[in-house]
Amino acid sequence: MGDFNESVILDAIRRHPAGLSRVELAKATGLSAQTVSNITRRLIDQGVARESGKQNTGSGKPRTLLEIVPTCRYAVGVHLDPAVITCVMVDLLGTVVGHRSRRTPSGGDTDGTVADMAASVRSLVAESGVDDERVLGLGIAAPGPIDASAGWVVDPPELPGWGRYPLRERLSEATGLPALLDKDVTASVVAERWAGAATESRNLLFFYLGTGSGMGLVVDDTVLRGVSGNAGEVGGLGAACSTRTLVDEAVALGVLGGEYTVLDPADAQRGLERLALLAAEGDAQADGIIERLAIRIGRGVCAAGTLLDVDTIVFGGPTWLVLAPRLLATIEPMVARSPFVRATHPTAVLSTTLGENVAAVGAASLVLDQALSAQPRSLLLG
(Lines give C-alpha, C1' and ligand atoms only; values in the text may rest on other atoms or scores of the structure.)
Protein backbone atom coordinates (compact mmCIF):
# COMPACT_ATOMS: atom_id res chain seq x y z
CA MET A 1 0.00 0.00 0.00
CA GLY A 2 2.87 2.36 0.78
CA ASP A 3 4.35 1.88 -2.70
CA PHE A 4 0.92 2.37 -4.26
CA ASN A 5 0.36 5.64 -2.38
CA GLU A 6 3.80 6.85 -3.42
CA SER A 7 2.93 6.14 -7.05
CA VAL A 8 -0.36 8.02 -6.66
CA ILE A 9 1.53 11.06 -5.37
CA LEU A 10 4.14 10.85 -8.15
CA ASP A 11 1.45 10.54 -10.79
CA ALA A 12 -0.40 13.57 -9.47
CA ILE A 13 2.74 15.73 -9.43
CA ARG A 14 3.77 14.55 -12.90
CA ARG A 15 0.43 15.48 -14.44
CA HIS A 16 0.76 19.09 -13.23
CA PRO A 17 3.92 20.59 -14.77
CA ALA A 18 3.36 23.88 -12.94
CA GLY A 19 3.66 22.04 -9.63
CA LEU A 20 1.29 21.09 -6.81
CA SER A 21 1.31 22.01 -3.16
CA ARG A 22 0.94 19.41 -0.43
CA VAL A 23 -2.57 20.68 0.29
CA GLU A 24 -3.50 20.25 -3.38
CA LEU A 25 -1.94 16.79 -3.40
CA ALA A 26 -4.09 15.74 -0.45
CA LYS A 27 -7.22 16.98 -2.24
CA ALA A 28 -6.27 15.40 -5.56
CA THR A 29 -5.37 11.98 -4.14
CA GLY A 30 -7.69 11.64 -1.16
CA LEU A 31 -4.72 10.81 1.07
CA SER A 32 -4.31 12.35 4.50
CA ALA A 33 -2.14 15.41 4.98
CA GLN A 34 0.27 13.38 7.12
CA THR A 35 0.60 10.65 4.49
CA VAL A 36 1.24 13.25 1.78
CA SER A 37 3.83 14.96 3.97
CA ASN A 38 5.66 11.69 4.71
CA ILE A 39 5.69 10.57 1.07
CA THR A 40 6.77 13.91 -0.36
CA ARG A 41 9.59 14.12 2.18
CA ARG A 42 10.76 10.68 1.05
CA LEU A 43 10.53 11.62 -2.64
CA ILE A 44 12.57 14.77 -2.02
CA ASP A 45 15.20 12.78 -0.10
CA GLN A 46 15.40 10.33 -3.03
CA GLY A 47 15.86 13.17 -5.51
CA VAL A 48 12.70 12.25 -7.43
CA ALA A 49 10.80 15.43 -6.49
CA ARG A 50 11.83 18.92 -5.44
CA GLU A 51 10.33 22.12 -4.11
CA SER A 52 9.94 24.50 -7.03
CA GLY A 53 8.53 27.73 -5.66
CA LYS A 54 5.71 29.30 -3.69
CA GLN A 55 2.01 29.63 -4.40
CA ASN A 56 0.24 32.68 -2.99
CA THR A 57 -3.29 31.67 -1.97
CA GLY A 58 -4.36 35.20 -1.07
CA SER A 59 -4.44 34.62 2.66
CA GLY A 60 -2.16 32.90 5.08
CA LYS A 61 1.25 31.46 4.44
CA PRO A 62 2.19 30.80 0.78
CA ARG A 63 2.17 27.11 -0.13
CA THR A 64 5.31 25.36 -1.37
CA LEU A 65 4.97 23.75 -4.78
CA LEU A 66 6.44 20.38 -5.68
CA GLU A 67 7.58 19.15 -9.11
CA ILE A 68 9.25 16.09 -10.60
CA VAL A 69 13.03 16.12 -11.14
CA PRO A 70 13.18 14.93 -14.77
CA THR A 71 16.85 13.95 -14.69
CA CYS A 72 16.60 11.67 -11.68
CA ARG A 73 15.66 8.61 -13.75
CA TYR A 74 15.71 7.57 -17.39
CA ALA A 75 14.33 4.84 -19.64
CA VAL A 76 15.25 3.48 -23.05
CA GLY A 77 12.76 2.56 -25.76
CA VAL A 78 13.17 0.53 -28.95
CA HIS A 79 10.59 0.39 -31.75
CA LEU A 80 10.98 -2.57 -34.08
CA ASP A 81 9.14 -1.46 -37.21
CA PRO A 82 9.31 -3.33 -40.53
CA ALA A 83 10.74 -0.19 -42.16
CA VAL A 84 12.97 1.34 -39.49
CA ILE A 85 14.33 0.50 -36.04
CA THR A 86 14.30 3.47 -33.67
CA CYS A 87 15.97 3.77 -30.27
CA VAL A 88 15.37 6.64 -27.85
CA MET A 89 16.37 7.54 -24.32
CA VAL A 90 13.94 9.66 -22.31
CA ASP A 91 13.97 11.35 -18.93
CA LEU A 92 11.33 10.93 -16.25
CA LEU A 93 8.90 13.26 -18.02
CA GLY A 94 9.27 11.46 -21.34
CA THR A 95 11.49 14.08 -22.97
CA VAL A 96 13.83 12.53 -25.56
CA VAL A 97 17.50 13.06 -24.63
CA GLY A 98 19.03 10.66 -27.14
CA HIS A 99 17.91 9.14 -30.45
CA ARG A 100 19.14 6.95 -33.27
CA SER A 101 17.49 5.02 -36.07
CA ARG A 102 18.38 2.74 -38.97
CA ARG A 103 16.62 0.89 -41.75
CA THR A 104 15.33 -2.50 -40.64
CA PRO A 105 17.48 -5.22 -42.22
CA SER A 106 15.73 -7.64 -44.55
CA GLY A 107 16.52 -11.32 -44.76
CA GLY A 108 15.31 -12.48 -41.35
CA ASP A 109 18.66 -12.50 -39.49
CA THR A 110 16.88 -12.02 -36.19
CA ASP A 111 19.85 -12.59 -33.89
CA GLY A 112 21.99 -10.17 -35.92
CA THR A 113 19.25 -7.55 -35.86
CA VAL A 114 18.85 -7.91 -32.10
CA ALA A 115 22.62 -7.58 -31.64
CA ASP A 116 22.51 -4.30 -33.58
CA MET A 117 19.55 -3.07 -31.52
CA ALA A 118 21.40 -3.88 -28.30
CA ALA A 119 24.50 -2.05 -29.53
CA SER A 120 22.38 1.03 -30.24
CA VAL A 121 20.89 0.89 -26.75
CA ARG A 122 24.29 0.57 -25.10
CA SER A 123 25.66 3.46 -27.17
CA LEU A 124 22.73 5.71 -26.28
CA VAL A 125 23.24 5.12 -22.57
CA ALA A 126 27.02 5.54 -22.80
CA GLU A 127 26.77 8.77 -24.81
CA SER A 128 24.25 10.23 -22.36
CA GLY A 129 26.73 10.09 -19.50
CA VAL A 130 23.95 8.86 -17.21
CA ASP A 131 24.91 6.38 -14.50
CA ASP A 132 23.55 2.91 -15.20
CA GLU A 133 21.64 2.79 -11.91
CA ARG A 134 19.54 5.75 -13.04
CA VAL A 135 18.28 3.85 -16.09
CA LEU A 136 15.08 2.09 -15.05
CA GLY A 137 14.94 -0.33 -17.94
CA LEU A 138 14.24 -1.00 -21.59
CA GLY A 139 10.86 -0.93 -23.31
CA ILE A 140 10.27 -2.65 -26.64
CA ALA A 141 7.46 -1.79 -29.06
CA ALA A 142 6.81 -4.32 -31.82
CA PRO A 143 4.12 -4.93 -34.44
CA GLY A 144 1.51 -7.47 -33.47
CA PRO A 145 0.74 -10.15 -32.90
CA ILE A 146 2.78 -10.66 -29.74
CA ASP A 147 2.72 -13.03 -26.79
CA ALA A 148 2.92 -10.46 -24.01
CA SER A 149 3.35 -12.87 -21.10
CA ALA A 150 6.19 -14.77 -22.79
CA GLY A 151 7.74 -11.68 -24.37
CA TRP A 152 7.65 -13.07 -27.91
CA VAL A 153 6.81 -11.57 -31.27
CA VAL A 154 4.60 -14.02 -33.17
CA ASP A 155 4.98 -14.08 -36.97
CA PRO A 156 4.65 -10.31 -37.63
CA PRO A 157 3.15 -10.01 -41.14
CA GLU A 158 5.66 -7.45 -42.42
CA LEU A 159 8.70 -9.05 -40.75
CA PRO A 160 9.28 -12.30 -42.64
CA GLY A 161 11.71 -14.67 -40.98
CA TRP A 162 11.01 -13.58 -37.41
CA GLY A 163 8.49 -16.32 -36.67
CA ARG A 164 8.05 -16.84 -32.93
CA TYR A 165 10.98 -14.98 -31.43
CA PRO A 166 11.78 -14.29 -27.72
CA LEU A 167 12.55 -10.62 -28.31
CA ARG A 168 12.14 -9.41 -24.73
CA GLU A 169 14.50 -12.01 -23.27
CA ARG A 170 17.14 -11.66 -25.99
CA LEU A 171 17.31 -7.86 -25.78
CA SER A 172 17.35 -7.92 -21.99
CA GLU A 173 20.26 -10.36 -22.01
CA ALA A 174 22.14 -8.36 -24.64
CA THR A 175 21.74 -5.00 -22.90
CA GLY A 176 21.75 -6.03 -19.25
CA LEU A 177 18.55 -4.05 -18.70
CA PRO A 178 15.21 -5.35 -17.44
CA ALA A 179 12.86 -5.27 -20.41
CA LEU A 180 9.16 -4.97 -21.25
CA LEU A 181 7.49 -5.83 -24.55
CA ASP A 182 4.22 -4.41 -25.86
CA LYS A 183 2.53 -3.79 -29.19
CA ASP A 184 3.58 -0.58 -30.91
CA VAL A 185 0.04 0.84 -30.86
CA THR A 186 -0.26 0.12 -27.13
CA ALA A 187 3.11 1.71 -26.47
CA SER A 188 1.99 4.76 -28.44
CA VAL A 189 -1.11 5.30 -26.34
CA VAL A 190 1.01 4.99 -23.19
CA ALA A 191 3.29 7.70 -24.61
CA GLU A 192 0.31 9.99 -25.17
CA ARG A 193 -0.80 9.50 -21.56
CA TRP A 194 2.70 10.08 -20.23
CA ALA A 195 4.07 12.93 -22.31
CA GLY A 196 1.90 13.60 -25.34
CA ALA A 197 -1.32 15.25 -26.39
CA ALA A 198 -3.62 13.38 -24.01
CA THR A 199 -2.05 13.62 -20.56
CA GLU A 200 -5.33 14.87 -19.11
CA SER A 201 -7.61 12.27 -20.73
CA ARG A 202 -8.72 9.13 -18.91
CA ASN A 203 -10.59 7.71 -21.91
CA LEU A 204 -8.81 7.88 -25.23
CA LEU A 205 -8.11 6.14 -28.49
CA PHE A 206 -4.81 6.36 -30.36
CA PHE A 207 -4.85 5.48 -34.07
CA TYR A 208 -1.38 4.56 -35.33
CA LEU A 209 -0.74 4.90 -39.07
CA GLY A 210 2.63 3.72 -40.31
CA THR A 211 3.93 0.58 -41.99
CA GLY A 212 0.81 -0.97 -40.46
CA SER A 213 -2.03 0.48 -38.44
CA GLY A 214 -3.95 -0.23 -35.26
CA MET A 215 -5.49 1.33 -32.18
CA GLY A 216 -4.25 1.86 -28.65
CA LEU A 217 -7.05 2.04 -26.10
CA VAL A 218 -7.49 3.60 -22.65
CA VAL A 219 -10.67 3.33 -20.57
CA ASP A 220 -11.00 4.82 -17.07
CA ASP A 221 -7.28 5.63 -17.09
CA THR A 222 -6.40 1.97 -17.74
CA VAL A 223 -4.63 0.76 -20.86
CA LEU A 224 -6.58 -2.08 -22.46
CA ARG A 225 -4.29 -4.91 -23.56
CA GLY A 226 -6.53 -7.98 -23.78
CA VAL A 227 -5.78 -11.60 -22.89
CA SER A 228 -2.60 -11.89 -24.96
CA GLY A 229 -1.61 -8.22 -25.24
CA ASN A 230 -3.10 -7.87 -28.72
CA ALA A 231 -6.08 -5.58 -28.10
CA GLY A 232 -6.38 -2.90 -30.77
CA GLU A 233 -5.90 -5.05 -33.86
CA VAL A 234 -8.38 -3.74 -36.41
CA GLY A 235 -8.48 -6.62 -38.88
CA GLY A 236 -9.32 -5.62 -42.44
CA LEU A 237 -9.18 -1.93 -41.56
CA GLY A 238 -5.57 -2.33 -40.52
CA ALA A 239 -4.59 -4.00 -43.78
CA ALA A 240 -6.46 -1.39 -45.80
CA CYS A 241 -4.66 1.45 -44.03
CA SER A 242 -1.05 0.32 -44.36
CA THR A 243 1.51 2.42 -46.23
CA ARG A 244 2.13 -0.46 -48.63
CA THR A 245 -1.58 -0.73 -49.52
CA LEU A 246 -1.78 3.01 -50.18
CA VAL A 247 1.24 3.02 -52.49
CA ASP A 248 0.20 -0.21 -54.21
CA GLU A 249 -3.18 1.37 -55.00
CA ALA A 250 -1.48 4.43 -56.45
CA VAL A 251 0.77 2.28 -58.65
CA ALA A 252 -2.17 0.12 -59.80
CA LEU A 253 -4.14 3.24 -60.82
CA GLY A 254 -1.17 4.73 -62.64
CA VAL A 255 -0.90 7.68 -60.25
CA LEU A 256 2.61 6.50 -59.38
CA GLY A 257 5.00 4.83 -61.80
CA GLY A 258 6.24 1.29 -61.53
CA GLU A 259 9.47 2.54 -59.97
CA TYR A 260 7.47 3.09 -56.76
CA THR A 261 6.42 -0.57 -56.50
CA VAL A 262 6.96 -1.64 -52.88
CA LEU A 263 9.45 -4.50 -52.58
CA ASP A 264 10.40 -3.80 -48.98
CA PRO A 265 8.46 -1.93 -46.25
CA ALA A 266 11.14 0.76 -46.12
CA ASP A 267 10.55 1.51 -49.82
CA ALA A 268 6.95 2.61 -49.26
CA GLN A 269 7.83 5.96 -47.67
CA ARG A 270 9.22 7.34 -50.93
CA GLY A 271 6.01 6.53 -52.77
CA LEU A 272 3.89 7.92 -49.95
CA GLU A 273 5.70 11.26 -50.03
CA ARG A 274 5.29 11.46 -53.81
CA LEU A 275 1.58 10.68 -53.52
CA ALA A 276 1.13 13.41 -50.91
CA LEU A 277 2.93 15.92 -53.14
CA LEU A 278 0.76 15.04 -56.14
CA ALA A 279 -2.40 15.50 -54.08
CA ALA A 280 -1.19 18.86 -52.77
CA GLU A 281 -0.54 19.96 -56.38
CA GLY A 282 -4.13 19.18 -57.31
CA ASP A 283 -3.93 15.69 -58.81
CA ALA A 284 -7.52 14.46 -58.42
CA GLN A 285 -6.65 10.76 -58.51
CA ALA A 286 -3.96 11.14 -55.87
CA ASP A 287 -6.33 13.14 -53.68
CA GLY A 288 -9.03 10.51 -54.18
CA ILE A 289 -6.74 7.77 -52.85
CA ILE A 290 -6.05 9.79 -49.72
CA GLU A 291 -9.72 10.71 -49.36
CA ARG A 292 -10.75 7.04 -49.43
CA LEU A 293 -8.12 6.30 -46.79
CA ALA A 294 -9.46 9.12 -44.62
CA ILE A 295 -13.02 7.80 -44.87
CA ARG A 296 -11.92 4.28 -43.88
CA ILE A 297 -10.04 5.63 -40.87
CA GLY A 298 -12.87 8.01 -39.93
CA ARG A 299 -15.45 5.23 -39.93
CA GLY A 300 -13.17 3.03 -37.86
CA VAL A 301 -12.39 5.57 -35.17
CA CYS A 302 -16.02 6.73 -34.95
CA ALA A 303 -17.11 3.13 -34.34
CA ALA A 304 -14.36 2.49 -31.81
CA GLY A 305 -14.89 5.86 -30.12
CA THR A 306 -18.57 5.05 -29.73
CA LEU A 307 -17.88 1.56 -28.40
CA LEU A 308 -15.43 2.82 -25.77
CA ASP A 309 -17.11 6.19 -25.08
CA VAL A 310 -13.83 8.13 -25.32
CA ASP A 311 -13.37 11.89 -25.08
CA THR A 312 -10.10 12.05 -27.05
CA ILE A 313 -8.90 10.56 -30.33
CA VAL A 314 -5.19 10.99 -31.10
CA PHE A 315 -3.53 10.15 -34.42
CA GLY A 316 0.14 9.50 -35.06
CA GLY A 317 2.78 7.44 -36.81
CA PRO A 318 5.11 8.11 -39.76
CA THR A 319 2.40 7.87 -42.44
CA TRP A 320 0.03 10.04 -40.45
CA LEU A 321 2.59 12.82 -40.18
CA VAL A 322 3.01 12.95 -43.97
CA LEU A 323 -0.75 13.08 -44.63
CA ALA A 324 -2.10 14.67 -41.44
CA PRO A 325 -3.58 17.96 -42.80
CA ARG A 326 -5.37 16.20 -45.64
CA LEU A 327 -6.64 13.33 -43.49
CA LEU A 328 -7.84 15.60 -40.68
CA ALA A 329 -9.83 17.68 -43.17
CA THR A 330 -12.05 14.63 -43.71
CA ILE A 331 -11.86 12.84 -40.36
CA GLU A 332 -12.60 15.79 -38.04
CA PRO A 333 -16.01 16.51 -39.64
CA MET A 334 -16.85 12.79 -39.60
CA VAL A 335 -16.25 12.64 -35.85
CA ALA A 336 -18.15 15.89 -35.30
CA ARG A 337 -21.15 14.62 -37.30
CA SER A 338 -21.26 11.20 -35.68
CA PRO A 339 -24.44 11.09 -33.56
CA PHE A 340 -22.94 8.44 -31.33
CA VAL A 341 -19.58 10.06 -30.61
CA ARG A 342 -21.04 13.48 -29.83
CA ALA A 343 -24.25 12.37 -28.11
CA THR A 344 -23.35 13.40 -24.55
CA HIS A 345 -19.88 14.92 -24.68
CA PRO A 346 -17.44 16.52 -27.13
CA THR A 347 -14.64 14.41 -28.57
CA ALA A 348 -11.25 16.05 -29.19
CA VAL A 349 -9.46 15.01 -32.40
CA LEU A 350 -5.70 15.59 -32.15
CA SER A 351 -2.39 14.80 -33.82
CA THR A 352 0.39 13.49 -31.62
CA THR A 353 2.87 16.04 -30.31
CA LEU A 354 5.59 13.38 -30.08
CA GLY A 355 6.48 13.20 -33.77
CA GLU A 356 7.26 10.17 -35.91
CA ASN A 357 9.02 8.41 -33.02
CA VAL A 358 5.88 8.16 -30.89
CA ALA A 359 6.10 4.35 -30.68
CA ALA A 360 9.74 4.45 -29.54
CA VAL A 361 8.90 7.10 -26.94
CA GLY A 362 5.99 4.86 -26.01
CA ALA A 363 8.32 1.91 -25.54
CA ALA A 364 10.36 3.93 -23.04
CA SER A 365 7.14 5.18 -21.45
CA LEU A 366 6.15 1.57 -20.75
CA VAL A 367 9.06 1.43 -18.33
CA LEU A 368 8.21 4.76 -16.71
CA ASP A 369 4.55 3.80 -16.43
CA GLN A 370 5.23 0.45 -14.79
CA ALA A 371 7.82 1.83 -12.40
CA LEU A 372 6.13 5.07 -11.38
CA SER A 373 2.40 5.08 -12.13
CA ALA A 374 -0.23 3.86 -9.70
CA GLN A 375 -1.00 0.23 -10.59
CA PRO A 376 -4.26 -0.94 -8.97
CA ARG A 377 -3.26 -4.55 -9.68
CA SER A 378 -0.54 -4.21 -7.07
CA LEU A 379 -3.20 -4.03 -4.37
CA LEU A 380 -4.62 -7.46 -5.25
CA LEU A 381 -3.70 -10.26 -2.85
CA GLY A 382 -2.43 -13.65 -3.95
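The values are calculated or read from the model by the stated rules, or taken from the named source; none is laboratory data. Everything numeric in this text was worked out from a predicted model, so none of it was measured. Because the Cβ atoms are built from the backbone with ideal geometry, glycine has one as well, and the counts that use them run over all protein chains shown.
A few remarks follow.
- Residue match in the range 23-45 (condition: in a helix (DSSP H, G or I), in contact (Cβ under 8 Å) with a residue 40 or more places away in the chain, farther than 30 Å from VAL130 by Cβ and in contact with a strand residue (DSSP E or B) (Cβ under 9 Å, 6 or more places away or on another chain)): yes
- Scanning the range 6-28 for residues that are closer than 15 Å to SER373 by Cα, of a type in the set (S, T, N, Q) and at pLDDT 90 or above yields a total of 0.
- Of the residues making up the range 333-372, not one is modelled with pLDDT under 75 and of a type in the set (Ser, Thr, Tyr).
- Residue list for the range 250-277, restricted to those being closer than 16 Å to LEU323 by Cα and either crowded, with 17+ Cβ neighbours inside 10 Å or touching a strand residue (DSSP E or B) at 6+ places or on another chain (Cβ under 9 Å) (or both): ALA250, ALA268, GLN269, GLY271, LEU272, ARG274, LEU275, ALA276
- In the range 322-369, the residues that are out of contact with any Phe, Trp or Tyr (no Cβ under 9 Å at 6 or more places or on another chain), in a helix (DSSP H, G or I) and more than 20 Å from VAL97 (Cβ to Cβ): VAL322, LEU323, PRO325, ARG326, ALA329, THR330, GLU332, PRO333, MET334, VAL335, ALA336, ARG337
- Some residue of the range 174-188 being among the hydroxyl-bearing types (Ser, Thr, Tyr), in a loop (DSSP other than H, G, I, E, B) and either over 30 Å from ALA28 (Cα atoms) or not assigned by TED's automatic domain parsing to the domain that holds ALA266 (or both): no
- Assessment of the range 249-267 against the conditions (touching a helix residue (DSSP H, G or I) at 6+ places or on another chain (Cβ under 9 Å), within 24 Å of ALA329 (Cβ to Cβ) and at pLDDT below 95) yields no matching residue.
- LEU217 satisfies every condition listed in (1) touching a residue at least 60 places away in the same chain (Cβ under 8 Å); (2) within 21 Å of GLU158 (Cβ to Cβ); (3) not polar (S, T, N, Q) except (2).
- Residue in the range 99-120 that is of a type in the set (Asp, Glu) and either part of a strand (DSSP E or B) or closer than 18 Å to GLU356 by Cβ (or both) present: no
- Some residue of the range 9-17 being touching a strand residue (DSSP E or B) at 6+ places or on another chain (Cβ under 7 Å), touching a residue at least 24 places away in the same chain (Cβ under 8 Å) and not assigned by TED's automatic domain parsing to the domain that holds PRO318: yes
- Filtered by the rule that a residue be farther than 18 Å from ALA294 by Cα and touching a helix residue (DSSP H, G or I) at 6+ places or on another chain (Cβ under 6 Å), the range 226-248 gives a lone residue, GLY232.
- Identity of the residue in the range 220-240, touching a strand residue (DSSP E or B) at 6+ places or on another chain (Cβ under 9 Å) and either β-branched (Val, Ile, Thr) or assigned by TED's automatic domain parsing to the domain that holds VAL154 (or both), that ends up modelled with the highest pLDDT: VAL223
- Within the range 62-82, one or more residues are outside any helix (DSSP H, G or I), outside the structural domain of VAL48 (by TED's automatic domain parsing), more than 30 Å from ILE13 (Cα to Cα) and of a type outside the set (D, E, K, R).
- Number of the exception - ALA303 against (1) outside any helix (DSSP H, G or I); (2) modelled with pLDDT under 95; (3) under 20 Å from PHE206 (Cα atoms): (1)
- Reported count of residues in the range 196-217, each being surrounded by fewer than 24 Cβ atoms within 10 Å (Cβ to Cβ) and not basic (Lys, Arg), is 6.
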